[in-house]
1. Using a 1.4 angstrom probe on the protein heavy atoms only, line up M388, M318 by accessible area, largest first.
2. Among the lysines, which fall within straight-line cross-link reach of K155, defined as a Cα-Cα distance under 16 Å, with same-chain neighbours fewer than 8 residues apart omitted?
3. Could you tell me how many degrees, from 0 to 90 and to the nearest 10, lie between the Cα long axis of helix 215-228 and the main elongation axis, the longest principal axis, of the Cα atoms of the chain?
4. Applying the Karplus parametrisation 6.51 cos²θ - 1.76 cosθ + 1.60 with θ = phi - 60° to the phi angles of segment 125-130, what ³J(HN,Hα) value in whole Hz is obtained for each residue in order, glycine and proline being reported as x?
5. Enumerate the amide H contacts of A30 below 5 Å, restricted to partners 5 or more residues apart or on another chain; note that Pro and chain-start residues carry no placed amide H.
6. Calculate, in nm to one decimal, what R219 and E96 gain on full extension: separation in residues at 0.36 nm each, minus their alpha carbon distance.
7. Can you pull the three principal axis extents for the Cα set of segment 335-409, in Å, largest first?
8. If the chain between A387 and S63 were fully stretched, how many nm would it gain, using 0.36 nm times the residue separation less the Cα-Cα distance?
Amino acid sequence: MSRPRIVIVGAGFAGYRTARTLARLTRHKADITLLNPTDYFLYLPLLPQVAAGVLEPRRVTISLPGTLPHVRLVLGEADGIDLDARTVHYTDPESEPGTLTYDRLVLAVGGVNKLLPVPGVAEYAHGFRGLPEALYLRDHVTRQVELAAASDDPKSRAARCTFVVVGAGYTGTEVAAQGQLFTDALVRKQPLREGVRPRWLLLDVAPRVLPELDERLSRSADRVLRRRGVDVRTGTSVEEATPSGVRLSDGELVDTRTLVWCVGVRPDPFVEALGQPLERGRLLVDPYLQVPGRPEVFACGDAAAVPDLERPGQYTPMTAQHAWRHGRVAGRNVAASLGIGSRRAYRHRDLGFTVDLGGAQAAANPLGIPLSGPLAGAVTRGYHLAAMPGNRVRVAADWLLNAVLPRQAVQLGLVRSWSVPLDTASPELARVAGAPGDFASRPEGES
């Protein structure tokens, strides 16, 4: 008798944890296939430190073949799913089509950059959901400071040294906090004329930064940002983006060459094509993470609207913490559907959140205990080391080296502006084929 075939689509927090749990539980009693565009799991919370030159890119990428024994990796992007025929169609990195058949399917395709109907944003802003975007931002910021240092035009210098981040949630706050430290380090090596200092603006329509945290931690993070010189604008957003700047909702025109879009994520539009009931773009599932009417199909992570049993009538939010836990429950329940163990409903207990503000500063509320300053910084880094499924020693070594040595700031030139468009269903991949189009018109001298 042939072994049951399990296909997992996506290797983010949910997909990776599902594969890892299934590999442990099934013990060669099932064929597990993981379909993913890259051969790594990205530890997204540390991505701002890659953009700021604290961590090397490979530190936040966990090898799938190296950490998922007994799981077959298929490189490719899913193009469509035939639920009746139980097949997944995909395209591999060399544009060759392929098909996978399954007895159990786990959809964990994750989320993509959330877009808003703001003129110019899709053309001139960049998101922060994948490694290519972080590498692009690090090169871009370095280039702007270097061009500013060589410029004779005061207006050009000021514009190149102005960096606008939209969205003061976890990602946007960390990008601005780490970015300010990074550019300050750059100008110490290459001082700007007339005492110009890099300027970071953090914008959000919410009344405070980090609205997900309690007000005490939000105020603490706000103080750290403002003390460093970050211009925090709450109740403010972007109304229009142009090649040379942005117009804010209060009417102010800001000359800048950098617009980082961190307003949140939306479910991958891939799930819409399945023809199954959705909840705000997410696939509706029951508390066991199964799709109603399709007991062989499971969904988890940002792709799934999972009922929140702690708050009846609501669904769990799109966060890495939930996705990681979804993956464990999905793995257990898929195994249970094959007669291995028993299934369980998804329930959660909030363990708190951490926000790394760079240096020794952070804001955290582990187990509901509010912390700030160096103690929060230690807890935050300890949490990340414990949560990472690999590369812990390398990450700790980079943190140690960053504390005692100056940062290495050079442009690698590997990722161009046009290759990381904001409106993409695959932020984990840099676009390498096709004409750049409008992106080549950005005033960066890129091609």
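1. In descending accessible area the options line up as M318, M388.
2. Leaving aside lysines fewer than 8 places away in the same chain, none come within reach of K155.
3. 40 degrees
4. 9, 10, x, 8, 10, x
5. none
6. Stretched fully, the R219-E96 segment lengthens by 39.1 nm.
7. 55, 28, 17
8. Taking 0.36 nm per residue and subtracting the Cα distance, the gain is 115.1 nm.
The values are calculated or read from the model by the stated rules, or taken from the named source; none is laboratory data. Everything numeric in this text was worked out from a predicted model, so none of it was measured. To get the accessible areas, we keep the full protein, side chains included, count just its heavy atoms, and leave off ligands, DNA and RNA. Shrake-Rupley method; radii C 1.70, N 1.55, O 1.52, S 1.80 Å.
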